[in-house]
1. How large a share of the accessible area of the chain, in percent, is made up of carbon and sulfur atoms when the probe is 1.4 Å and the other protein chains stay in place?
2. Excluding ligands, DNA and RNA, what is the solvent-accessible area per residue of the range 20-257 at a probe of 1.4 Å, expressed in Å²?
3. Considering only DSSP beta bridges with both partners in the range 20-257, what is the antiparallel share in %, to the nearest 5?
4. Rg/Rh for the chain: what does it come to with C-alpha atoms and Rh from Kirkwood?
5. From the phi angles alone, apply the Karplus equation (6.51, -1.76, 1.60; θ = phi - 60°) to the range 227-241 and give each ³J(HN,Hα) in whole Hz, x where the residue is Gly or Pro.
6. Would you calculate, for the chain, the mean residue ellipticity at 222 nm contributed by helices, counting each DSSP H stretch of 4 or more residues as -39,500 (n - 2.57) and dividing by all residues, to the nearest 500?
Amino acid sequence: MTMHGMVHPQRSRLLSDLGVPHGITTRTTVLPDDGDVSFVTAPASARANRQAWWRALGLPLERTVCAQQVHGNAIACVDERDAGRGAWCYEEAISGVDGLIVTAPGIPVAVFCADCLPILLYAPQRPIAAAIHAGWRGTTQGVVVRALEMLMTRYTVQPRDLVAVLGPAIGSCCYAVGEEVITAWRALGLANWEAAVEWQDGHWRFDLRQAAQLVLQAYGVPAEQIECVGGCTACHPDLWFSHRRPVGHEGRFAAVIMIPTMTE
Ligand SMILES: [Zn+2]
């Protein structure tokens with residue numbers, strides 16, 4: 001048994017069944033800064049923590065592409081030339097985007113979250129993989145819509161062929177939001193937008209995962225190909241980092257996916 005048995009990333013059943021290397025890191029007491037993988041919140045330990053997590057994930061950290069996420073809706077399509085950007089430092093990560101699409105095998109794409117929703121997409125036929133960071137701003141600005149439209153138009157991916165994994169995120173149980181969030185979400189124009197909002201005790205509540213599911217299903221991703229992994233980040237400070245309800249170290253967890261290489 002090697003050292004990397006000590007951390008246990010979470011996995012999706014759907015992606016595991018397809019043999020897609022992927023995973024979601026958690027909060028853990030066995031690593032410094034609670035296993036935080038962000039250079040922003042854990043400058044001293046993010047490198048070593050990423051190495052420990054990526055070993056457990058079975059993914060090549062040195063080829064991983066990361067983004068300087070900005071809570072927007074821009075998506076970058078990355079290839080071999082981008083391999084490793086942002087793996088070892090924040091400055092080299094791809095700037096100004098919240099979604100990464102990759103068509104080449106062996107290049108992991110990663111997003112970093114603490115309440116915001118990480119989404120992993122995979123189209124086995126192409127194959128093509130994507131990682132998206134979707135908080136309320138990204139969601140209401142259409143970051144998921146943009147990713148789906150890019151997959152459809154640039155790569156002719158059919159939404160019915162997509163597998164989507166929604167990672168841990170702040171749940172509606174803990175996510176009271178202002179009117180501006182609801183207004184922005186409604187303005188995205190989904191017929192059944194109301195399914196992701198709730199009025200309770202004088203506050204609006206927003207359900208990021210439900211919102212993502214509504215978008216995915218509106219575009220034709222079958223419900224049975226959408227899987228939720230993990231729970232509410234604010235309800236479970238032992239398992240994830242939460243920006244809204246910080247307990248101890250305030251960090252980020254990662255969601256990563258890679259198109260398998262032929263030899264694997
Ligand atoms: Zn909660």
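1. That fraction is 51 percent.
2. For the range 20-257, the per-residue accessible area is 38 Å².
3. Of those bridges, close to 70 percent are antiparallel.
4. Answer for the chain: 0.95.
5. Calculated HN-Hα couplings, in order: 10, 9, 10, x, x, 7, 5, 7, 6, 10, x, 6, 9, 9, 8 Hz.
6. One gets -6000 deg cm²/dmol as the mean residue ellipticity at 222 nm.
The values are calculated or read from the model by the stated rules, or taken from the named source; none is laboratory data. None of these values were measured; they are calculated from a predicted model. Only protein heavy atoms, including side chains, enter the accessible area calculation; ligands, DNA and RNA are left aside. Shrake-Rupley method; radii C 1.70, N 1.55, O 1.52, S 1.80 Å.
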